[in-house]
Each structure stands twice: as structure tokens, then as C-alpha cells.
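The values are calculated or read from the model by the stated rules, or taken from the named source; none is laboratory data. Computed from a predicted model, the values in this text were never measured in an experiment. Here the Cβ positions follow ideal geometry from the backbone for every residue, glycine too, while neighbour counts run over all protein chains shown.
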2 protein chains.
Amino acid sequence: MDNGTSSYSPINFAEKLKLISDQWQPRVVAEMNDYQFKLVRIEGDFLWHDHPETDETFIVIAGTLRLDFRDGFVEVGPGEMFVVPKGVQHKPSAATEVQMMLIEPRGTVNTGREGGERTAQNDLWI
Amino acid sequence: MDNGTSSYSPINFAEKLKLISDQWQPRVVAEMNDYQFKLVRIEGDFLWHDHPETDETFIVIAGTLRLDFRDGFVEVGPGEMFVVPKGVQHKPSAATEVQMMLIEPRGTVNTGREGGERTAQNDLWI
């Protein structure tokens, strides 16, 4: 069936990112089962933390994300992804702004079990 | 710690896609908990099917994916995504080649409960 106009809308990353004014504040754009897709803009250093209950996926849209680990690091550019295994301490950073997607179970907090003042409000949609 | 060279490697979508010679044959590139990230090249029409047990995520890298539903359709371009809810019949198609990522639980078969000759071998990694 082709009714000539699209009856459903895709989620456009660039359009959603334009709606995000603050860095380090992930915004949910979609859910798959009990997982959430979050877009976020970051710049500078985050804190060391881990997520003891879940792996965490980073897909970079713009910029170069650096993830430091206790035994090394990885740089993730546009069109690239990396999955941080659960329980592995990591420190995200971005020398210049990075726009990226996080994928993780609903309820996952940005600072993991570390907590503290950099903990963002969770489950905010755009 | 900066040892000057990256000690871990990101997953680069373009490089992985170059390794996929056949259309309609999803290849796993990463796992997050019990979910898999699969890259696939498609062109032409697929069959109507659904996945009764899980939502299914499509992220388009190149080309324009069309997903027909019984009550409409959506077109998904580069930098866009769409999540098909579990149990919803859909028919993917691509007028010209589409390169995309699928995200779904490990064990999810491309033809869902429809099965048949277009069922691809599952859990093949690149």
C-alpha cells in the first residue's frame, strides 16, 4: 500500500540534537523493549564510573569521543561505536563537542554507581 | 593515562560494511548484554513478517529504507532510525541499496515467525 504520504515518522538524529541545548544531559528519543536510545552532547571530561548491571553502547554521530579505561583507551569517531562491558570503569571525554547516541537499559544513570553532582535527570524525552 | 596509542579499537561501520559481499545477509559486529548489533546491505523487496517476541531497531547508514506496515509506511534515511514494535507486521524494501544497522536480541531471525527461503544464517560475525 502506498498512500503517497508517509504515515509514520523516522527519528532524525540531527533534528533531535538541535532540540538539546545543554551538554551532558542525555535525552531519550526511542525505546526498544526495555532499552532506551539517548542522544547527548558532551564536551570536556566526565568522571570515572561504571555500570555494574549492564553493558553500555556509544555510537558517535559527530566529533571524537575518547573513553579512558584503567588499562588503556579508545577513540570513537563519527560512524563508529564501542560497547563498554558492564562493571568496567570508564571516563568519557571530548576535546571538542561530541554528539552521540547512548543505548542502555531504561533506568541506567549516567554516572553509574558513582553518583554525585554530575548525575543527570533520567528518562527525559525529546 | 595516555600511552600515545589507542589500546582498544572502535567498530567502524564503513569498514565492516566493505567486508559484507552479499545483500540480505546480516552480520553481527557487536553485542550489548543479550542484544546484537548487525550490519546488513539490502536492495529490493523483503517479505512480510513480524517478530512476536521483540521490538526491532533499524538505523540507516546509507540509502533510504522503506518499511511498509499494514496501515501505512515510513521512509528512513541516513542518520535516522525507527523501532518496529514486537508483533507488528512489516515489509522492508529498498529501491536502491540501503546499508543499515539492526539491533535486536541475540537469536532473532531475519524472517521472524514467517521463516522460508529468505531466512538468513543467524549469528554470523564479521
- Task: Considering only the range B:89-102, state which residues are within 13 Å of B:PRO52 (Cβ to Cβ) and surrounded by fewer than 16 Cβ atoms within 10 Å (Cβ to Cβ).
- Result: B:GLN89
- Return yes when B:VAL88 is of a type in the set (Val, Ile, Thr) and in contact with a helix residue (DSSP H, G or I) (Cβ under 9 Å, 6 or more places away or on another chain) and no when it is not. no
- Query: Considering only the range A:1-51, how many residues are of a type outside the set (A, V, I, L, M) and without any contact (Cβ under 8 Å) to a residue 24 or more places away in the chain?
  - Reply: 15
- What number of residues in the range A:9-26 are touching a Leu at 6+ places or on another chain (Cβ under 8 Å) and either crowded, with 20+ Cβ neighbours inside 10 Å or farther than 15 Å from A:THR108 by Cβ (or both)? 5
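Conditions (1) at pLDDT below 95; (2) among the acidic types (Asp, Glu); (3) out of contact with any Lys or Arg (no Cβ under 7 Å at 6 or more places or on another chain), marked per residue:
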| position | (1), (2), (3) |
| --- | --- |
| A:VAL74 | no, no, yes |
| A:SER93 | no, no, no |
| A:ASN122 | yes, no, yes |
| A:ILE126 | no, no, no |
- Message: Can you find a residue that is part of a strand (DSSP E or B), crowded, with 16+ Cβ neighbours inside 10 Å and not acidic (Asp, Glu) anywhere in the range B:103-115?
- Response: yes
- Query: In the range A:29-57, which residue that is facing chain B (nearest Cβ under 10 Å) and among the β-branched types (Val, Ile, Thr) is surrounded by the fewest Cβ atoms within 10 Å (Cβ to Cβ)?
  - Reply: A:THR54
- Scanning the range B:58-88 for residues that are part of a strand (DSSP E or B), facing chain A (nearest Cβ under 7 Å) and closer than 21 Å to B:ALA14 by Cβ, which turns out nearest to the chain's Cα centre (by Cα)? B:MET81
